[in-house]
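Each value in this text was obtained by applying a stated rule to the coordinates, not by laboratory testing. Just so we're clear, the structure is a prediction, and the values are computed from it rather than from any experiment. Quick reminder, even Gly has a Cβ in these numbers, built from the backbone with ideal geometry, and neighbours come from all protein chains shown.
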Amino acid sequence: MQCTAYAHLSDEKVKRLQAFEKEFGTVLVAYEKVPAIARLTEGEIGEIREKEKKLGKILIAYEK
């Protein structure tokens, strides 16, 4: 399994990222290496959506 880590950003880059978030009205996450999104069946996606509703959280599936 490949583990990714959050990007190490300078104070200036953190400020720029926060400005982008404010501009876009979103939350941005910076990784050192981009993880591959899992390839899921429609059934698996449905199961994840059910769990998201139960948890009240957003889940993201990455490849191992």
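Between residue 17 and residue 52, what FRET efficiency comes out of the Förster formula 1/(1 + (r/R0)^6) with R0 = 25 Å and r the beta carbon distance, rounded to 0.05?
0.50
Among the listed pairs 33/57; 22/54; 15/54, give every one whose C-alpha distance is greater than 31 Å.
Over 31 Å Cα-Cα: 15/54.
With all pairs of different alpha carbon atoms counted, what Kirkwood hydrodynamic radius in Å does the chain show?
By the Kirkwood definition, the hydrodynamic radius is 14.1 Å.
Which whole-number percentage describes the relative contact order of the chain, with Cα contacts under 8 Å and a sequence gap of 6 or more?
Averaging sequence separation for qualifying contacts and normalising by length gives 39 percent for the chain.
Per-residue ellipticity at 222 nm for the chain, helices alone: DSSP H runs ≥ 4 residues times -39500 (n - 2.57), over residue total, nearest 500 deg cm²/dmol?
Value at 222 nm, helices only, nearest 500: -14000 deg cm²/dmol.
With +1 on the Cβ of every Lys and Arg and -1 on the Cβ of every Asp and Glu, and nothing else charged, how large is the dipole of the chain about its Cα centre, in debye rounded to the nearest 20?
That gives a dipole near 100 debye.
Arrange the peptides 6-13, 44-51 so that the one whose residues have, on average, the most other Cβ atoms within 10 Å appears first.
44-51, 6-13
Which cross-chain or sequence-distant (5 or more) residues have an amide H under 5 Å from the amide H of residue 7, H modelled 1.01 Å from N in plane?
Close amide H contacts, sequence-distant or interchain: 30, 31, 32.
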